[in-house]
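Engineer: Shown below is the structure under consideration.
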Ligand SMILES: Cc1ncc(COP(=O)(O)O)c(C=O)c1O
């Protein structure tokens, strides 16, 4: 008997070559330091809006434009320069679909955010990577040297994940200047923990596009909202490809409240930055190699025992992310920074995991 799967029409060849991507989202009922989410909650003002959403609100198609105007005014750009998306992931996907053609190259400094390569692999473009040195600093000179006439898009997470390193504003603008034929995506998902931005340059630099998310500092990863800001022309091309309904009405209702509550955002970011300092000191005392971070996570080299370490942390109720297969990250785990209290708990779990895995090592 023939297998019904054999009769299924084949996808494009690039899609048949892809693997499904399943981030490890199962069994996360623990202290979640594995996805760089806000570890506490969103603003109470957002919760208040959520409590008022009616079933009537759900019967209507979501209307994005009025909220885009509020977001644009918050960012200091015109409403036509901003498009809201279903998380930055959709922004990346749509941007790549809009610009990457057969024969084009996507240029990526690596290690970096996994989804750039995933979405690029569904297009007909090639991916050119530039490996960071051992310090995992932004490889500015080598990235510039790798620009060719085929480079159509350059994607730079700033701060970068999983390293936590940053590119300087002048470096990003220099790249945009030196590659006027390429779209330069600066993904500022972790902007709030860093503070430096190129958002003010999106109107005057035609090939620059900035992404922001509400999944990290704002604590709204489950609502799925992100945005792209860029020149009028660039954003209007993106709008041609984007579904008009991809940001749902609950997310749209919550965004103005999230943006209004600066006090909550400032408090959460301040708490994370203090917790990061304390946690880094604990890592140093434990004699672990780590990389300086400008985001709400830190990359730590735990060595060959990375798998057992991750498992022991999980057994102690603390989820961390094994990044050892990222290029240049052998033996590394990435640990999200939450509140000081959460990170003291994480530091104690780390100490006991290391004591089991490396008997005889010095105590914190
Ligand atoms: C650099 C970077 N960009 C984008 C995202 C995804 O953001 P969103 O939840 O808005 O899709 C992440 C999530 O981890 C990230 O690290």
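The values are calculated or read from the model by the stated rules, or taken from the named source; none is laboratory data. Note that this is a predicted model, so its numbers are computed, not measured. Cβ sites come from the backbone with ideal geometry, for glycine too, and all protein chains shown count toward neighbours.
Engineer: If residue 15 meets every condition in (1) loosely packed, with under 10 Cβ neighbours inside 10 Å; (2) in contact (Cβ under 8 Å) with a residue 40 or more places away in the chain; (3) not assigned by TED's automatic domain parsing to the domain that holds residue 251 apart from one, which number is that one?
Structural biologist: Every listed condition holds for residue 15 apart from (1).
Engineer: Would you point out the residue of the stretch 211-245, among those that are assigned to a loop (DSSP other than H, G, I, E, B) and surrounded by fewer than 17 Cβ atoms within 10 Å (Cβ to Cβ), that is nearest to the ligand (Cβ to nearest atom)?
Structural biologist: Filtering the stretch 211-245 for residues assigned to a loop (DSSP other than H, G, I, E, B) gives 214-220, 224-225, 231, 242-245.
Then keep just the ones that are surrounded by fewer than 17 Cβ atoms within 10 Å (Cβ to Cβ); that gives 243-245.
Details: 243: 15, 244: 19, 245: 17 Å.
Ranking the candidates gives 243 first.
Engineer: Does residue 88 satisfy the condition of being outside any strand (DSSP E or B), closer than 13 Å to residue 211 by Cα, within 15 Å of the ligand (Cβ to nearest atom) and out of contact with any helix residue (DSSP H, G or I) (no Cβ under 6 Å at 6 or more places or on another chain)?
Structural biologist: Details: outside any strand (DSSP E or B): yes; closer than 13 Å to residue 211 by Cα: yes; within 15 Å of the ligand (Cβ to nearest atom): yes; out of contact with any helix residue (DSSP H, G or I) (no Cβ under 6 Å at 6 or more places or on another chain): yes.
In short, yes.
Engineer: Which is closer than 21 Å to residue 105 by Cβ and away from the ligand (no atom under 16 Å from the Cβ), of 167, 253, 176?
Structural biologist: Exactly one residue qualifies, and that residue is 176.
Engineer: So residue 62 clears everything in (1) more than 30 Å from residue 313 (Cα to Cα); (2) in contact with a helix residue (DSSP H, G or I) (Cβ under 8 Å, 6 or more places away or on another chain); (3) part of a helix (DSSP H, G or I) except one condition, right? Which one?
Structural biologist: (3)
Engineer: Mind checking which pairs have a first residue in the stretch 220-233 that is assigned by TED's automatic domain parsing to the domain that holds residue 197 and within 22 Å of residue 209 (Cα to Cα) and a second that is surrounded by fewer than 23 Cβ atoms within 10 Å (Cβ to Cβ) and modelled with pLDDT under 95, Cβ under 7 Å, 6 or more apart or different chains?
Structural biologist: 231/203
Engineer: Among the residues of the stretch 184-210, count how many are in a strand (DSSP E or B) and either modelled with pLDDT under 95 or within 16 Å of the ligand (Cβ to nearest atom) (or both).
Structural biologist: Step one: filter the stretch 184-210 for residues in a strand (DSSP E or B), giving 184-187, 208-210.
Next, only the ones that are either modelled with pLDDT under 95 or within 16 Å of the ligand (Cβ to nearest atom) (or both) stay: 184-187, 209-210.
Result for the stretch 184-210: 6.
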